[in-house]
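Colleague: This is the structure, below, for whatever I ask next.
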Amino acid sequence: MPSCRIYLLHPPEQNHPGMAMWVDDVRGLLQNEESWHDWELLATPYDEQNNFPALPLFGRVLNKPGPVVLIQPVQRKPLEILRNRLHTRSIVLVSTVSDSTDLWQELEQARRRFESGEPYLPRKYIVAVLLVRKLRKGNYWAGKDKGYLWGGDLAKGRGVDERYADVIHEVANDLLQHQILITKTSQGKKKYALNPGRKPEVHAIANDGTFWNKHLEQILMRDTAEESACRLNEPRTAQRFHISGQGQEPFQCTAIAEAVAYARVCRASLRYEVRIEFQGDHVLQEIVEERHILIQFLEGFQ
């Protein structure tokens, strides 16, 4: 079973004559290249308008990270949505090809860049996300007994190792100044905890690296030192699914097969709300507007 996956989306044959043959040619090449033995190619055509549903693809990449290659022409709106969703998780290449050789070269480039650690993000941004995750996993919330972590332990494992010791206190201070963290002094030393008054914002940072305070995000993103975004990737196993839609009872289950089966037979709705709980306190909440998109989105977690 291949351990890596590359996602290729391309125009349908009627919009780009020869494309289907080029994809087949590339599949044959991949099977004979030793450097690709651990890789799986998932190729999917756009619809007749060169459009694609960004949310299901995002779900697939979230479930199994890998680079995404989109062949021109492609609709701009889903491209922008996908790039925004994946900016901390994977690279998204948009390419123009004229034969199977071009297509092969684009896939090679995507694989090399992904293996090199791309995308790269500012180091302070990565450390901030890792620190918030560490405190959340340790249940360090201000206002509770033993709810604070000593400052000297901020970069001592459990998600934030000593390689970040040189910058951890600067990042902690940035988070403190913007009320993500709360501090107190004990025995002449500082202790840190998450601010329980900012729980939704804390969860957004820990889950997806999303900072609601754009000034804080700008401060972190100014760091010229960079780290691979793969340091933010966490093994995620879906543990529970919550699905609701207008005019129907909420549905809950623990197995992806049950969630997909429900989506296939549920009543059509103008709006579905999906909540997926993962190991490690990660929660993904999505709004889906069409049932077939809901089904594809859920199938991505299989």
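Colleague: Excluding residues on the same chain fewer than 8 positions from Lys190, give the lysines whose Cα lies under 24 Å from its Cα.
Modeller: Reachable lysines: Lys124, Lys134, Lys137, Lys144, Lys146, Lys156, Lys199.
Colleague: Ignoring everything except DSSP H segments at least 4 long, calculate the 222 nm mean residue ellipticity for the chain; use -39,500 (n - 2.57) per segment, divide by total residues, nearest 500. Walk me through the intermediate numbers first.
Modeller: Details: 10 runs with 113 residues, N = 302.
Estimated from H runs of four or more residues: -11500 deg cm²/dmol.
Colleague: Quick check: Cα centre of segment 209-240 to Cα centre of segment 1-15, how many Å?
Modeller: If we compute the Cα centre of each part, the gap is 27 Å.
Colleague: What aspartates and glutamates could a cross-link reach from Lys214, if we take a straight Cα to Cα line under 17 Å and drop same-chain neighbours fewer than 8 places away?
Modeller: Result set, ordered by chain and number: Asp174, Glu201, Asp223.
Colleague: While we're on this one: What net charge is computed for the residues neighbouring Asn51, neighbours being all others with C-beta under 11 Å from the C-beta of Asn51, Lys and Arg scored +1, Asp and Glu -1? Don't skip to the answer; put the middle values down first.
Modeller: Details: positive: Arg76, Lys77; negative: Asp47, Glu48.
Local net charge: 0.
Colleague: Still on this structure, please answer the following. Report, as a whole number in µm² per second, the diffusion coefficient that Stokes-Einstein gives for segment 84-194 at 37 °C and 0.692 mPa s using the Kirkwood radius over alpha carbon pairs.
Modeller: On the way: Rh = 16.5 Å.
My calculation gives 200 µm²/s for D.
Colleague: For segment 238-299, just run the numbers: alpha carbon Rg, then divide by 2.2 N^0.38 Å, N being how many residues it has.
Modeller: On the way: Rg = 10.7 Å, N = 62, 2.2 N^0.38 = 10.6 Å.
This ratio for segment 238-299 stands at 1.01.
Colleague: Ignoring the sites themselves, what is the longest stretch of the chain with no trypsin sites (Lys or Arg not before Pro) in a DSSP loop and at most 12 other beta-carbon atoms within 10 Å?
Modeller: 1-143
Colleague: To continue, here is another question. Relative contact order, percent, of the chain when contacts are C-alpha pairs under 8 Å separated by at least 6 residues? Let's see the in-between values first.
Modeller: Numbers: 507 pairs, mean separation 49.3, N = 302.
Relative contact order comes out at 16 percent.
Colleague: Continuing with this model, one more query. Given a 10 angstrom Cα cut-off, can you work out which residue in Gly247, Gly188, Gly143 is the most mobile in a GNM of the chain?
Modeller: Residue with maximal mean-square fluctuation among Gly247, Gly188, Gly143: Gly188.
Colleague: Would you mind ranking Val265, Val283, Val274 so that the residue whose beta carbon has the fewest other beta carbons within 10 Å leads the list? Provide the component values of the computation, followed by the final result.
Modeller: Numbers: Val265 7, Val283 15, Val274 21.
Ordered by Cβ neighbours within 10 Å, fewest first: Val265, Val283, Val274.
Colleague: For the chain, restrict the atom set to alpha-carbon positions and state the Rg and Dmax in Å.
Modeller: Here Rg and the maximum Cα pair distance are 21.7, 73 Å.
Colleague: Can you say what percent of the DSSP beta bridges in the chain, counting only those with both residues inside, are antiparallel? Round to 5.
Modeller: Working: 29 of 44 bridges.
Looking only at bridges with both residues in the chain, the antiparallel portion is about 65 percent.
Colleague: Let me ask you something else. Using only the Cα atoms of segment 161-240, what are the Rg and Dmax in Å?
Modeller: Using the Cα atoms of segment 161-240, the pair Rg, Dmax is 14.3, 44 Å.
Colleague: For every other residue with a beta carbon closer than 15 angstrom to the beta carbon of Gly159, add +1 if it is Lys or Arg and -1 if Asp or Glu, then tell me the sum. All intermediate terms of the calculation are to be shown ahead of the outcome.
Modeller: Working: positive: Arg133, Lys134, Arg136, Lys137, Lys156, Arg158, Arg163, Arg231, Arg236; negative: Asp153, Asp161, Glu162, Glu227, Glu234, Asp281.
Once positives and negatives cancel, what remains is +3.
Read-outs: derived from the displayed coordinates by stated rules, not from any lab. This structure is a prediction, so every number in the text was calculated from the model and none was measured. FYI the Cβ positions are ideal-geometry reconstructions off the backbone, even for glycines, and counts take in every protein chain you see.
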